[in-house]
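Q: Got a structure for you, written out below as structure tokens; questions coming shortly.
Every number in this text was worked out from the coordinates using simple rules, so none of it is lab data. What you see is a predicted model; the values in this text were computed from it and never measured. FYI the Cβ positions are ideal-geometry reconstructions off the backbone, even for glycines, and counts take in every protein chain you see.
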Amino acid sequence: MCVRAGDGSPYVAACRNGDLAMLRCLQRLGVAWGPVGAVFQPFLPPPLLSWLLEAGCPFDYPSTRRILEGEAARKRPGAEANIVLLEQHRRQVEEQPGAG
């Protein structure tokens with residue numbers, strides 16, 4: 001029997017390693033994202049954040065936006081791009097039928 005962590009930690013570990021193949025594998029295996037915001041890390045490179053958003057990883061948009069704005073103020077590479085990705089995704093979700 002395979003034990004699956006329900007706290008999002010496998011995804012966090014894959015993100016820390018920049019391992020997109022592992023992220024895809026975890027999703028394919030049905031590993032839970034964990035609670036809303038559990039997988040988000042401020043250091044995520046834009047391609048990983050983009051994949052997580054498209055894959056359905058749950059984010060708390062206001063909190064994530066505030067964290068990214070703080071990272072952008074500290075000039076962390078990729079923070080501005082991540083803000084754009086987050087906002088684009090938020091708008092796409094809001095435009096879907098039945099949203100809101």
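Q: Expressed as a rounded percentage, what relative contact order does the chain have, with Cα pairs under 8 Å and six or more residues apart?
A: RCO, the chain: 24 percent.
Q: Please report the equivalent ellipsoid semi-axes of the chain, computed as sqrt(5 x eigenvalue) of the Cα gyration tensor, largest first, in whole Å.
A: Semi-axes from the Cα gyration tensor: 22, 18, 11 Å.
Q: Given R₀ = 30 Å, what would the calculated FRET efficiency be for Gln27 paired with Asp60, taking r from the Cβ atoms and rounding to 0.05? Intermediate results must be reported in sequence, preceding the final value.
A: On the way: r = 20 Å, r/R0 = 0.66.
With a Förster radius of 30 Å, E is 0.90.
Q: Lys and Arg at +1, Asp and Glu at -1: add these up for the other residues within a Cβ distance under 12 Å of Ala38 and post the number.
A: Charge balance in the 12 Å sphere: -2.
Q: Counting only helical runs of four or more DSSP H residues, what would the 222 nm mean residue ellipticity of the chain come to if each run contributes -39,500 (n - 2.57) and the total is spread over all its residues?
A: After summing the helix terms and dividing by the residues of the chain, the value is -17500 deg cm²/dmol.
Q: If you fit an axis through the alpha-carbon atoms of helix 61-73 and take the longest principal axis of the Cα set of the chain, what angle between them do you get, 0 to 90°, nearest 10?
A: Relative to the chain, helix 61-73 is tipped by roughly 60 degrees.
Q: Stretch Lys75-Val36 to full length: gain in nm at 0.36 nm per residue minus the Cα-Cα span?
A: 11.4 nm
Q: Beyond 20 Å, how much of the Cα-Cα pair distribution for region 23-82 remains, as a whole percent?
A: Of all Cα-Cα pairs in region 23-82, 24 percent lie more than 20 Å apart.
Q: Please give, to one decimal in nm, the separation of the simple spin-label points placed at Asp7 and Arg91, each 7 Å out from Cα toward the Cβ.
A: 3.7
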